[in-house]
Each structure stands twice: as C-alpha cells, then as structure tokens.
Amino acid sequence: MMQSNKDPQFKELMSKSKLEMPFPDFEDEVILQIKKQEEHKQSLSQHLKVSWLSFFAGTILGVVLTVQLFQLRVEGLGMSSTVIELIFQLIFSLFVILSFDFLIRFSRKKSPKELFNFKSLRPPFLKSKT
Amino acid sequence: MCDPYIQKVLNGDTDAFRFIIKQHQDEAYSLAMSVVKSEFLAKDVVQNAFIKAYTKLDTFKGNSKFSTWFFRIVINEAFTQKRKQKRQTKISEGIAETNNQSTVNESSQKIEEDNQRYYINEALKQIPAKYSLALRLFYLQDYNIEEIKEIMGWSTSNTKVILYRARNKVKTLLDETYNIDKEELY
C-alpha cells in the first residue's frame, strides 16, 4: 500500500515541479554577504586584541594605584584612609572581574546579541521563574 | 563532488563557495518553497542557509553527503522563517490581502505559460510543508527513504506514511480542486 518504490508516472509529474532560482544575481549577493561577514570578523578580532591589551594595562595601573593609595593614606569625606582604600579595592576588583568575564565571552566568538545578553548573568533561581 | 571545493573554502578561498552555491541553489530553493510558499521568502531562506553553511563548514565531518547536511540547514531555516512569517501575518493581515490579489494575477499569467508546471506547483503550495518536502526530496531530488529520514528526522514508517498521504493529497487536489484529468498531466 505505502509504496517506497518510485511510481514512474508520479515521478514524471513531480519532475514538472522543479523550480529554478528566479533571482539571477543571487550568487553574487550571497558571496557579497559572506565577504562582508569575513571583514566584520577580522575587525572584531582586531578589537579583541586591543581590548585584551587595555585590560592588562588597566589592571596593572589599578594595582599600582591601590598600592599608592595605601602608602599615601588619603583621607576625606569624613572617611578614614582604610575605608577609602577598601571602597577603591572593591570597585577595582568588581571592575576587573566584570571586564575579564566580558572579554572571555567575547573571545569565545559569541555573537554581539549573546554578548550583551545580561540575562545570562542572572542567578539560577531567577532564571527558572522565566 | 563538492569535496575539493569544500576544502578550498576551508583554506580561506571564499570564491570557491560560488561553485557550491551554483550546485545547490535550485534544489535548496525548491525545498524552501515547499515550506514558505513565497518566492521572496524562499530566497531569503536559501541565502541565510548558504551563509550559515559557510560559517559552520568546519563542523561538516563528511559522515553524510554535503547536500544532506546542507538541506537540513535549509529546512531548519525555512521553518524558522515560516514561524516568523506567521507572527508578522497576524499583525498585518490587511497588507496580506492586497498581496494575495497580485499573486492571483501572476498565477493566471503562469497558466498561459505552462499549465502543467503551474498546476503541480499550485498543488504543492496547497499541501502542508512536510508533504511537499517529502515529495520533492523523494521524487525530484531522488533521495531514498533512509536519506529523507536523516534530513527530516522522521522514522522510517513515518516517512513512508507521509509520502503515501502526500501523493494521495496531490492526486486528489489535481482531480477535485483543479479538475485535471491525470492523463492530461502525464
């Protein structure tokens, strides 16, 4: 009943359903899109190199500043030097961690859409609700 | 047949991809039309599928034929576009009505050009995407049940049932809706 052999009459009928790409410039359009994508990928990898360099330079500078702040014993805004140092160190650590996470994700060649998807940073108990 | 060109593309020769496009664009277009039933959407589907195939070419291990691997991308892309199209149609039903009118006009021109081609393609447009896909893969692109199974992710029995129902549906449509005597078409 359910033939898996090809019924020649029906095959002939189906041969009339053959379609051809009706857009003559299709091939050029695809190649152009691919070349654009390649260029974009190359510029992304250049940006990535600059970003890693800036990250390392910034981290070194941050460490130097932290040490300097510790030696200078800066006081102000009614806060002792220890509190100011602690706040600075906290902000600096947070900045380093976030930048490092961002760069790692960027290096794994994630798409810009995924890169800026901050939902992925949500804790698991919030993810399950959505 | 595409193997040397695939290797060239993997070695960074973008232009070698032209051969692959030439080789598969018509078949891919037929498959995309089976799902989205619109020329312009089908073009977008095939274009996206080629770009995806290019970017993911390094993941093609050669366990199956390149065409099998590529057509799976085309079909997935076509169903994604179809879902998007459904959402958009709900929003702009008024615009769709105007477009339908122009499709009817284009179709009547096609009747004069080639009746048989027109009727069979119209019948394939009327039937569900999976029926149309199965028929085109089996009869037009000469795939066997095993290969269709691999491309579509169906079981053997399911593939056979779909093919059987699709064949009957097309025959009924040609008989009843278009009042075409089968002898006329063969």
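The values are calculated or read from the model by the stated rules, or taken from the named source; none is laboratory data. Nothing here was measured: the structure is a model prediction, and the numbers come from that model. Note that we place each Cβ from the backbone using ideal geometry, even for glycine, and neighbour counts take in every protein chain shown.
Per-structure values
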{"item": "Index of the failed condition, residue B:59 passing every other in (1) modelled with pLDDT of 70 or more; (2) over 18 Å from residue A:22 (Cα atoms); (3) surrounded by 11 or more Cβ atoms within 10 Å (Cβ to Cβ)", "result": "(3)"}
{"item": "Selection count where residues are over 17 Å from residue A:18 (Cα atoms), among the polar types (S, T, N, Q) and part of a loop (DSSP other than H, G, I, E, B), scope segment B:130-181", "result": "3"}
{"item": "Scan of segment B:135-175 for residues that are over 15 Å from residue A:14 (Cβ atoms), touching a helix residue (DSSP H, G or I) at 6+ places or on another chain (Cβ under 7 Å) and at the interface with chain A (Cβ under 8 Å from one of its Cβ atoms), ordered by number", "result": "B:145, B:160"}
{"item": "Hits in segment B:39-56 - residues which are under 17 Å from residue A:20 (Cβ atoms), in contact (Cβ under 8 Å) with a residue 24 or more places away in the chain and either at the interface with chain A (Cβ under 9 Å from one of its Cβ atoms) or not in a helix (DSSP H, G or I) (or both)", "result": "B:42, B:46, B:50"}
{"item": "Residues of segment B:11-38 classified as farther than 22 Å from residue B:122 by Cβ and either within 12 Å of chain A (Cβ to nearest Cβ) or in contact (Cβ under 8 Å) with a residue 24 or more places away in the chain (or both), total", "result": "14"}
{"item": "Residue selected from segment B:11-38 under the condition part of a helix (DSSP H, G or I) and among the acidic types (Asp, Glu), by the criterion surrounded by the fewest Cβ atoms within 10 Å (Cβ to Cβ)", "result": "B:15"}
{"item": "Where residue A:10 falls short, out of the listed (1) hydrophobic (A, V, I, L, M, F, W, C); (2) more than 14 Å from chain B (Cβ to nearest Cβ); (3) in contact with a Lys or Arg (Cβ under 7 Å, 6 or more places away or on another chain)", "result": "(2)"}
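Residues checked against (1) at pLDDT 80 or above; (2) over 30 Å from residue B:25 (Cβ atoms); (3) loosely packed, with under 11 Cβ neighbours inside 10 Å:
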position: A:41; (1), (2), (3): yes, no, no
position: A:94; (1), (2), (3): yes, yes, yes
position: A:97; (1), (2), (3): yes, yes, yes
position: A:113; (1), (2), (3): no, no, yes
position: A:117; (1), (2), (3): no, yes, no
